[in-house]
1. Assuming R0 = 56 Å, what is the FRET efficiency of ILE215 and ASN330, from their Cβ-Cβ distance, to the nearest 0.05?
2. Cα to Cα, under 20 Å, and not fewer than 8 places away if on the same chain: which lysines meet these conditions relative to LYS584?
3. Express in Å², to the nearest 10, the accessible area of ILE343 obtained by rolling a 1.4 Å probe over the protein heavy atoms while all chains stay in place.
4. Roughly how big is the range 525-593's charge dipole about its Cα centre, with Cβ charges of +1 (Lys, Arg) and -1 (Asp, Glu), in debye to the nearest 20?
5. Helix 408-422 sits at what angle to the longest principal axis of the chain, using alpha carbons and giving 0 to 90 degrees rounded to 10?
6. Pairs to check: LYS13/LYS289; LYS384/LYS510; LYS32/LYS62; LYS13/LYS62; LYS105/LYS384; LYS361/LYS560. Give those whose C-alpha atoms are more than 18 Å from each other in this structure.
7. Counting only heavy atoms of protein chains, what accessible area per residue, in Å², does the range 60-102 have with a probe of 1.4 Å?
8. Pick out, from LEU426, ALA449, SER406, the residue whose Cα sits farthest towards the positive end of the charge dipole of the range 396-451, with +1 on the Cβ of Lys and Arg and -1 on the Cβ of Asp and Glu.
Amino acid sequence: MIDISTLNDNQLKAVNWQDGPLLVLAGPGSGKTRVLTFRIARLLDTEPNKHYRILGLTFTNKAAAEMRERISTLVPNSGERTLLTTFHSFAADLLRQHGHHIGLKPDFTILVQDADRHSLLDEAIDAAWDEQNGRTSEQLLPLITRLTENDIPPKNAVEVLQRSSLEEPDAIAAVYQQYRSFMLKRDTLDFAGLIAEALGLLESHPGVRRQIQRIYPYICVDEFQDTNLSQYKILRNLVSPTTKNLFVVADDDQIIYQWNGASPERLRALQEDFAMELLQLPQNYRCPKAVVEIANNLIEHNFGRFVEKEVLTAHKETSSDLVINIRKFNDFSEEASWVASSIAERSLIAREKCVVLSRTKKLLDQVIDALNEYKVEGYLAARKNEFESASLQCLHSILRLANSRSSREHLRKICKAFFTLEGIDLNIRDIISHASTEDGDYLRSWSKAALSREHLSDATRRFLETSLPVLSDRLDFWGFQEGAFTWLDDLPDTYPDTEGIFDEYQEEKKTWCQLVTEIAGQYGREEVTLHLLLQELDLRSKTPTPAKGAIPCFTIHASKGMEFDHVYLVGMVEDQLPSWAARKKGDDSREMQEERRNCFVAITRAQETLTLTYSHMVQGWQKTPSRFLYEMGVLEK
């Protein structure tokens, strides 16, 4: 039996919830992930002989991995009865299995680079418009993405765009239709298209929808407030209309992705659509009482919150009176220097538990420079969609070409990386021409072209003769990966690396191995196919693990879901937090309310101390203290 004796009354009610829809409004630090995982584990533990599966959806691979780890600890061998994943990964899995209904092959490619999306959109522009009218893919891609994310079918785009103030709505609609059509024809999808096509599949094929509902009678969603419209529509299609077994954890005070389609109104729509009962988790176990108090002071200035919303209550005792520290400076360079010195003065152990938060990346860049002056390393959290070293680009592209043997783009990337590694320039047209006279296999043709060169290194020749056939002939990508890393490990010793070609190799190799291990752990090594591996790699960030002891410097958006002992929130001035754009919209605007939620999220990351800093001059402009400092009650007017 699972031990649930440590749960409070409301947590216990949530964990013991059996059937029907439930909305859990969970404040920051209230143990929401614990509740969600315990509830799934309890369902599995109390009905061990049932054959149904439980679907758990969240927004990051990190959160999904954490849920899988926690549940496997509570209920060993639970992986066979759960699918704990992200919305995008679930959509990819659905399309792998059922995409043939809409003309999509299981080995479709996911476009992760904006350059690839721009290239496809340029083709759509050329195909849709008879004459050049000056519109570029750079101008149109954000609009095309919004149309896709807001579930505007191509056939309805004209009507929607005609209601807008955009010029030439018919022409833009034609481009949008071509772009969506090209993606399907070429078995490629971008992130927005992945969700859109999965939704279209569920809505147009009731048999597929009913099958998913039978397989997953219980559906749980974490961080529901972050969903955009298309993701919410997917969720509505997944839930059985008869049982409505939907368990949702959310917090309307932490909606900070309006720019990405999240909306405060969506929580209300959810509650109405499913007639959900409401349970609240207002107890905060993360933050000191002083932080909880100013968080309540701040967020009560937002209107449109759930009327029933209970205030946060602090359950953490602290012996220190120095929990909240307010500092003002003449200019931001002085502010950044003080923050850096404050962190540098801490012990090495305490430093590892610090974070610097800001509304914008620009200010964090200055803080990192200041940290460097104090011989402390700082790093900025930024998603990295592709591997950047020639070594990993070559490996990745070879696998992609093995999965799609006539892809000119993957061949081009292999040749480019190979030239960087070996200094041998292989002609793409010759390779394609040679392949057309044989079996049309670009990978084998590329290998023959490379082996024909006289000045090939011994390490590379061994790789092409022994390791590559393991992939090209037998499609053993696990064995190939092992041989490829043997080759890539040997390459730095082949030639003097005067240009730093291999500087990032070991770091990216480590990241690659971590991601592949995660994917194998999620699906089971024997169940991982090559196209599944490649699609999951495309869906995951390639950001390396930071150096030990490095200080994280995060935008508030990047810090969501995390917690730190010591939080430094810098740049607390008008036009920064809140942003200039929000101020322009007005004090009662949706944008200003979101800025307030940003501040709420930032301060509730703190587990021990919270330091708030502001300056009279920021980037050459005179500033006034943020209104949020007054609303929190830490400054008096």
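1. The pair ILE215/ASN330 has a calculated efficiency of 0.35.
2. In chain and number order, the partners are LYS623.
3. So the heavy atoms of ILE343 present about 0 Å² to solvent.
4. Value, rounded to 20: 180 debye.
5. For helix 408-422, the angle is close to 90 degrees.
6. Listed pairs above 18 Å: LYS13/LYS289; LYS13/LYS62; LYS105/LYS384.
7. Value returned for the range 60-102: 45 Å² of accessible area per residue.
8. My answer, from the dipole projection, is SER406.
The values are calculated or read from the model by the stated rules, or taken from the named source; none is laboratory data. None of the values given here were measured: they were computed from a predicted structure. All Cβ positions, glycine included, derive from the backbone under ideal geometry; neighbour counts span all protein chains shown. Calculation scope for accessible area: heavy atoms of the full protein, side chains included, ligands and nucleic acids excluded. Shrake-Rupley method; radii C 1.70, N 1.55, O 1.52, S 1.80 Å.
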